Amino acid sequence: MTEKRWIPETLFDELGFRMTYEVERVLYEMRTEHQHLVLFQHRHFGKMLMLDGATQVTTRDEFIYHEMMTHVPIFAHGRAKEVLVIGGGDCGIAEEVLKHKAVTRLTQVEIDASVVEFSKEHFPEFTGPVFGDKRFESVIADGMKYVAETDRRFDVIIVDSTDPQGPGAVLFTREFYANCKKCMAKGGVMVTQNGVPFFQPDELISSVGHFRSLYADGSCYVAAIPTYVGGHMAMGWAANDAKLRQTPVETIAERYKAAGSFSTKYWTPEVHKAAFALPRFIAERVEKA
């Protein structure tokens, strides 16, 4: 009998611990020009995608991350038409964005074409509806370069990056955030994947510091995602309008109703509002910025 393979998450090696997942079967594995990618079946989490030793998405809990990265900025904005996603090659974010009928165009900029092709094959539940929607535009390019050079303006920018290592590191720099501001429409908002503050406080402090030096409002909100180990995950928040973060729950609920009250599994108007109420240790890190 062959021994079961276990795949470790090496993201927190410097802290002295790993989460290790027993593999039912490897569905796909390759080393691209940019990263090492492995997709495997897990008995509890379903399909799991890991890039360079960090869990990216699982079919069991993807809805939490994708809903909170998408519906919070779009409903807070209230009239978003043009949306930009940086990264997000699995199209999980794009699928949620396109549930908003008022969005007229969604542009997704992914650096690695092989990630998109891979997702078409292995995550058709995300990519099928997305590539079948006329409002969707897929751009294979470096996100840093794209925001620096584009003359288009976006109401909502969603940065669905990996952790600040490898090709994702540049998406945590002040220069990148400044270029995002440059291509943001008046009253726009940007949200970012900002790690787990319990284990990655410096990542959050650094990003929010950049946000506050560039935008009218810089902070974060939180969600609990089982496979992103360490408690709350932080989503960075940078807005040209300081009032967006304070949008009343009644207004969010009205906008949700106007959008058709589409089905969600984590996000609700009440969760939206509550996500900005930060546990003290996270609030202190945000204030440190």
Hits in the range 76-127 - residues which are out of contact with any strand residue (DSSP E or B) (no Cβ under 7 Å at 6 or more places or on another chain), under 23 Å from D241 (Cα atoms) and crowded, with 19+ Cβ neighbours inside 10 Å = H100
T192 being within 18 Å of the chain's Cα centre (by Cα), under 20 Å from E67 (Cα atoms) and either among the polar types (S, T, N, Q) or open to solvent by 10 Å² or more (accessible area, probe 1.4 Å) (or both) = yes
Every residue from the range 79-108 that is in a loop (DSSP other than H, G, I, E, B) and of a type in the set (D, E) = D90
note = Within the range 109-166, residues being assigned to a strand (DSSP E or B) and charged (D, E, K, R) number 4
request  = Go through the range 217-251 and count every residue that is open to solvent by 40 Å² or more (accessible area, probe 1.4 Å), of a type in the set (A, V, I, L, M) and touching a Phe, Trp or Tyr at 6+ places or on another chain (Cβ under 6 Å).
outcome  = 0
Selection status of R255, touching a helix residue (DSSP H, G or I) at 6+ places or on another chain (Cβ under 9 Å), within 19 Å of D155 (Cα to Cα), touching a residue at least 24 places away in the same chain (Cβ under 8 Å) and basic (K, R) = yes
message = I'd like the residue in the range 259-289 that is open to solvent by 60 Å² or more (accessible area, probe 1.4 Å) and touching a residue at least 12 places away in the same chain (Cβ under 8 Å) and, out of all such residues, is nearest to R212 (Cα to Cα).
response = K288
task = Would you mind stating whether L171 is buried (at least 19 other Cβ atoms within 10 Å of the Cβ) and touching a Lys or Arg at 6+ places or on another chain (Cβ under 9 Å)?
result = no
task = Say whether the condition of being within 30 Å of E175 (Cβ to Cβ) and of a type in the set (S, T, Y) is met by at least one residue in the range 121-135.
result = no
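The values are calculated or read from the model by the stated rules, or taken from the named source; none is laboratory data. Everything numeric here is computed off the predicted structure, so don't read it as measured data. Virtual Cβ from ideal backbone geometry, glycine too; neighbours counted across all protein chains shown. For the accessible areas, the whole protein counts, side chains as well, though only heavy atoms, and no ligand, DNA or RNA atoms are used. Shrake-Rupley method; radii C 1.70, N 1.55, O 1.52, S 1.80 Å.
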